[in-house]
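Working notes, beginning with the structure itself.
The values are calculated or read from the model by the stated rules, or taken from the named source; none is laboratory data. Model, not experiment: these values are computed from the prediction. Every residue, glycine as well, gets a Cβ built from its backbone with ideal geometry; the counts of neighbours run over all protein chains shown.
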Protein chains: 2
Amino acid sequence: MDKAVVLVSGGLDSCVVLSIAHSTYGKGCIPLSFVYGQRHAREIVSAEQICRYYGLQAPTLINLTTAFQGIGGSSLTSGATDGNPSTEAVQRGPDELPPTFVPGRNIIMIAVAAAFAYTHEAGEIYGGWNAVDYSGYPDCRPRFLREMEHALCSGLDRDMIVTYPLVHSSKADIIKKGIANGAPMHLSWSCYAGGLSTPCGVCDSCKIRAEGFAKVGIPDPAFQ
Amino acid sequence: MDKAVVLVSGGLDSCVVLSIAHSTYGKGCIPLSFVYGQRHAREIVSAEQICRYYGLQAPTLINLTTAFQGIGGSSLTSGATDGNPSTEAVQRGPDELPPTFVPGRNIIMIAVAAAFAYTHEAGEIYGGWNAVDYSGYPDCRPRFLREMEHALCSGLDRDMIVTYPLVHSSKADIIKKGIANGAPMHLSWSCYAGGLSTPCGVCDSCKIRAEGFAKVGIPDPAFQ
């Protein structure tokens with residue numbers, strides 16, 4: 001197996017993950033993105049630009065909109081809130097999952113990515129899952145990811161490695177890895193506010209990104 | 001948790017599974033069906049009739065067509081063959097998976113079913129997965145199903161039982177269980193040939209069903 005599927009959303013994390021996967025697999029990286037009616041579809045444009053930077057084809061887009069609609073219950077896709085995690089956090093207790101939680105979203109995405117990897121003869125799946133930031137999603141934690149890997153190997157009857165190089169990293173750590181790998185972070189897009197040209201700078205995702213660059217002590221290359 | 005999601009395709013196996021789940025959960029059974037462009041959509045009509053027999057709502061239909069299209073590579077949905085497993089078997093070696101194999105199909109279906117169960121506050125998923133017949137799909141085997149259950153519990157941070165009462169049963173055994181439970185097998189539909197009113201009687205699925213009833217020694221109630 002000299003190919004790997006890399007989940008590329010267009011955000012900062014997946015940009016850095018692709019730089020890591022590319023250092024091992026080079027042109028054997030197969031980029032994959034999911035579409036599910038999210039409002040930050042602007043990320044898809046960035047995903048394509050990041051892949052082109054590495055000389056890769058644009059990501060295959062797999063549409064999970066109808067699947068997620070059937071499951072129901074996410075403000076990230078339903079438009080029920082303003083999509084700003086900090087606003088939403090006010091409305092919930094400290095131990096509750098944020099309402100942008102599509103239950104099992106990553107379980108489904110990894111299952112689909114594994115099937116895609118199988119048909120494309122790839123033996124590894126890279127993703128930017130992160131258990132640190134504000135998400136707290138149980139399906140971003142190493143324990144789940146490792147158990148899912150076991151299930152995939154059995155269910156596909158093939159070795160299928162799930163790799164999550166950023167799972168314990170802070171945003172500053174991720175940026176440092178991106179710098180070390182020469183990741184094209186200037187092409188990545190983090191804003192959840194839905195604008196097309198300039199990040200809003202005030203949504204939680206923009207703030208977390210800005211704090212990360214501030215901690216590292218360099219300006220965000222996306223604003224240069 | 002007094003509710004369970006039951007995967008009801010409309011076939012004989014899922015009809016019997018629903019009879020088993022219903023004996024434990026009664027009206028707490030939440031039927032779920034998947035749509036993915038398969039040619040035997042006639043099953044969906046049977047699924048609804050079977051659920052109505054038990055006084056349940058029609059199954060929620062979750063559309064996986066676009067997800068499976070993005071993955072690619074299945075004669076069961078692509079129309080590339082006549083869909084008759086016995087014909088297809090001629091074209092492959094004894095150790096190869098049948099070409100109707102959508103890689104990871106059950107992995108994806110269980111992941112989606114688990115997310116659906118989570119939002120509907122159900123703690124158990126019943127399915128008619130069977131490792132005996134002609135399928136040989138690795139994602140129908142107990143080892144995978146148990147590992148997937150572990151992953152689901154971690155990924156959802158909730159107990160989520162995966163129950164597969166038919167996994168080691170022959171078709172005759174399944175029919176005997178159906179008789180014992182009073183399952184409405186007369187409403188089930190097994191034919192893959194795509195007709196709407198009368199099963200073809202010659203496709204592999206029809207043959208396996210007929211052999212099962214012959215072994216049990218009773219006529220198929222669907223033909224009465």
(Q) Looking only at segment B:167-182, how many residues end up being under 17 Å from B:Gly10 (Cα atoms) and touching a Phe, Trp or Tyr at 6+ places or on another chain (Cβ under 9 Å)? (A) 2
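Tell me, which residue of segment B:185-201 that is free of Cβ contacts under 8 Å to residues at least 60 places away in the same chain and in contact with a helix residue (DSSP H, G or I) (Cβ under 8 Å, 6 or more places away or on another chain) is nearest to B:Ile174 (Cα to Cα)?
Checked segment B:185-201; the qualifying residue nearest to B:Ile174 (Cα to Cα) is B:His186.
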Q. Which residue, of B:Asp159, B:Asp139, B:Asp204, B:Asp173, is touching a helix residue (DSSP H, G or I) at 6+ places or on another chain (Cβ under 8 Å) and surrounded by fewer than 18 Cβ atoms within 10 Å (Cβ to Cβ)?
A. B:Asp159
Q: Would you check if A:Gly201 is closer than 28 Å to B:Ser154 by Cβ, out of contact with any strand residue (DSSP E or B) (no Cβ under 7 Å at 6 or more places or on another chain), assigned to a loop (DSSP other than H, G, I, E, B) and more than 9 Å from chain B (Cβ to nearest Cβ)?
A: no
**Q.** Number of positions in segment B:49-73 that are farther than 30 Å from A:Glu121 by Cα and free of Cβ contacts under 8 Å to residues at least 24 places away in the same chain
**A.** 1
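When you check B:Glu149 against the structure, is it under 16 Å from B:His22 (Cα atoms), among the acidic types (Asp, Glu), in contact (Cβ under 8 Å) with a residue 12 or more places away in the chain and in contact with a strand residue (DSSP E or B) (Cβ under 9 Å, 6 or more places away or on another chain), yes or no?
Considered against the rule, which asks whether it is under 16 Å from B:His22 (Cα atoms), among the acidic types (Asp, Glu), in contact (Cβ under 8 Å) with a residue 12 or more places away in the chain and in contact with a strand residue (DSSP E or B) (Cβ under 9 Å, 6 or more places away or on another chain), B:Glu149 comes out as no.
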Q | Condition check for A:Asp82: among the acidic types (Asp, Glu), at pLDDT below 95 and crowded, with 21+ Cβ neighbours inside 10 Å | A | no
Q) Within segment B:130-162, which residues are assigned to a loop (DSSP other than H, G, I, E, B) and closer than 17 Å to B:Pro103 by Cα? A) B:Asn130, B:Ala131, B:Tyr134, B:Ser135, B:Gly136, B:Tyr137, B:Arg141
Q. Within segment A:45-75, can you find the residues that are at pLDDT below 90 and more than 11 Å from chain B (Cβ to nearest Cβ)?
A. A:Ser75
Q) Is it the case that A:Ala214 is outside any loop (DSSP other than H, G, I, E, B) and either buried (at least 17 other Cβ atoms within 10 Å of the Cβ) or free of Cβ contacts under 8 Å to residues at least 12 places away in the same chain (or both)? A) yes
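Within segment A:135-152, count every residue that is more than 8 Å from chain B (Cβ to nearest Cβ) and closer than 10 Å to B:Glu147 by Cα. Spell out how you get there, then give the answer.
Of the residues in segment A:135-152, the ones more than 8 Å from chain B (Cβ to nearest Cβ) are A:135-137, A:140, A:142, A:145-146, A:149.
If we keep only those that are closer than 10 Å to B:Glu147 by Cα too, we end up with A:149.
Adding up the residues that qualify gives 1.
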